[in-house]
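Step one of this worksheet: look at the structure below.
Values in this text are rule-based calculations from the coordinates and carry no lab data. Worth saying up front: this structure is predicted, and the values here are computed from it rather than measured. Every residue, glycine among them, receives a Cβ derived from its backbone with ideal geometry; neighbour counts consider all protein chains shown.
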Ligand code: FES
């Protein structure tokens, strides 16, 4: 009879969880979380949501939804509190601007893009994945 230590049982569970999150060819499968309702976020709207312990700024740009990390790459400003004009958000701290569709930085003082996340719509639900 084989004895299984709690450490090897734990590593077995982690291995099984890893398999459950990957597709047949070993490719990671994105996990999506429901974060908001389409009907509650009109065009030009923005909303702060939390996805898997990450703060995410969610935007409706002319009926399309986009998600970026809610952390300015200059000094950690809360981007969801900024002014949204079209597809650009201005950081409320020092005025850096980012494209919410691509995460691209558009002006100083930030020089690095922000993280973008995958968004999908299922009926009235907005779902976001923070896997990358
Ligand atoms: S923290 Fe955003 S521009 Fe400085």
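Things to note:
- Proxy reagent accessibility, fewest Cβ within 10 Å first, across 74, 94: 94, 74
- Segment 35-82 versus segment 85-129: alpha-carbon centroid distance in Å: 7 Å
- The modelled label-to-label distance between residue 54 and residue 31, using points 7 Å beyond Cα along the C-beta direction, is 1.2 nm.
- Spacing of the two label points (7 Å from each Cα toward its C-beta) at residue 121 and residue 87, in nm: 1.6 nm
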